[in-house]
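The values are calculated or read from the model by the stated rules, or taken from the named source; none is laboratory data. Only a predicted model underlies this, so the values are computations on that prediction, with no experimental measurement involved. Positions of Cβ are generated from backbone atoms using ideal geometry, with glycine treated the same way; all protein chains shown enter the neighbour counts. Accessible surface areas use protein heavy atoms only, side chains included; no ligands, DNA or RNA. Shrake-Rupley method; radii C 1.70, N 1.55, O 1.52, S 1.80 Å.
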Amino acid sequence: MRRAVWTALVAAGPILMIPPAGAATGGPDGFGYTWADSDEAGVSYAYEAIYANYQSLSDEDFVEISLGFDFPFYGGVFDTITITSNGIGHFDGATLVDYENVDLPYDTFRMMAVFWDDLNPSASGDIWWDTTGSSPNRVFMVEWWSVPHFYSSGTGTFELKLFEADGAIEFHYEDTNFGNGAYNQGASATAGIQDGAQGFALQRSRDQAVLDDEYAIRFEPGSCSDGDGDGYDSNNCGGNDCDDSDPHVYPGATEACNGIDDNCNGTVDEGCGGGGDDDDTSGT
């Protein structure tokens with residue numbers, strides 16, 4: 001055998017159950033993301049061939065790409081993405097290129113498994129990408145074009161789209177027939193998104209032949225809320241209010257010497273001297 005088979009442990013945290021084959025919606029996960037596929041109204045398969053930039057990757061390889069805009073993902077904001085040969089996109093600078101797909105969440109990665117499988121672009125195919133449109137409606141697209149499975153001479157073509165306007169994510173599958181039923185249509189792949197560090201994951205499928213040709217999945221972030229009425233949305237849904245239950249705590253608030261990070265900058269009682277007097281709320 002080419003490589004030893006290993007078993008990965010799934011990271012601890014809330015795990016959304018895998019929907020049965022044929023399910024057309026899923027979620028929300030712990031952060032509020034939901035998914036729907038192109039069998040549902042409002043989600044369309046819209047594959048776009050890309051001719052702007054490309055990179056030839058080796059087996060178990062990666063390339064870091066600029067998005068051209070800031071993109072929110074599980075509470076973080078990112079302007080670059082790392083694309084791997086095995087159908088994964090990372091937002092944390094990680095370079096996971098493991099060929100053995102597992103259930104999500106896996107480890108601590110912030111990632112999108114578009115078609116996580118043992119792919120081999122060193123045999124044929126390329127990674128193509130482009131950013132289209134103008135602010136605030138730009139779209140970043142990256143395409144795995146005509147990439148074979150390591151154990152099959154047939155190739156697959158699919159792409160990832162990131163939408164600046166609403167933080168939505170789409171996977172589009174043009175051709176997932178590798179000429180072998182063991183790998184076709186995602187029979188040996190994982191598809192979904194995750195923030196493993198927080199234990200959040202939204203998985204469409206693992207080792208299920210449901211990623212058909214001319215098929216799409218759309219992931220949408222949850223609607224943010226301003227629970228305390230201070231004008232700032234909770235950071236649990238992509239906002240920047242570190243305590244959405246206290247109207248006195250928000251970005252830019254005046255820092256009091258009270259043992260609380262009032263202005264959400266990650267520092268408690270700055271300017272109070274000696275780390276602040278937690279019993280002194282007078283600011284003196």
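Segment 110-209 holds no strands (runs of 3 or more DSSP E) entirely within its bounds that carry 3 or more residues that are free of Cβ contacts under 8 Å to residues at least 12 places away in the same chain, surrounded by fewer than 17 Cβ atoms within 10 Å (Cβ to Cβ) and not aliphatic (A, V, I, L, M). Residues that are farther than 24 Å from residue 80 by Cα and not aliphatic (A, V, I, L, M) within segment 30-66 comprise 30, 37, 38, 39, 40, 42, 44, 45, listed in sequence order.
So, in segment 210-233, of the ones that are modelled with pLDDT under 95 and under 22 Å from residue 41 (Cα atoms), which residue ends up least open to solvent (accessible area, probe 1.4 Å)? Only one residue tops the list, namely 222. Across segment 49-79, the number of residues qualifying as under 20 Å from residue 115 (Cα atoms) and open to solvent by 50 Å² or more (accessible area, probe 1.4 Å) comes to 8.
For segment 96-123, a residue qualifies if it is more than 14 Å from the chain's Cα centre (by Cα) and over 19 Å from residue 199 (Cα atoms), and the qualifying residues are 97, 98, 99, 100, 117, 118, 119, 120, 121, 122, 123.
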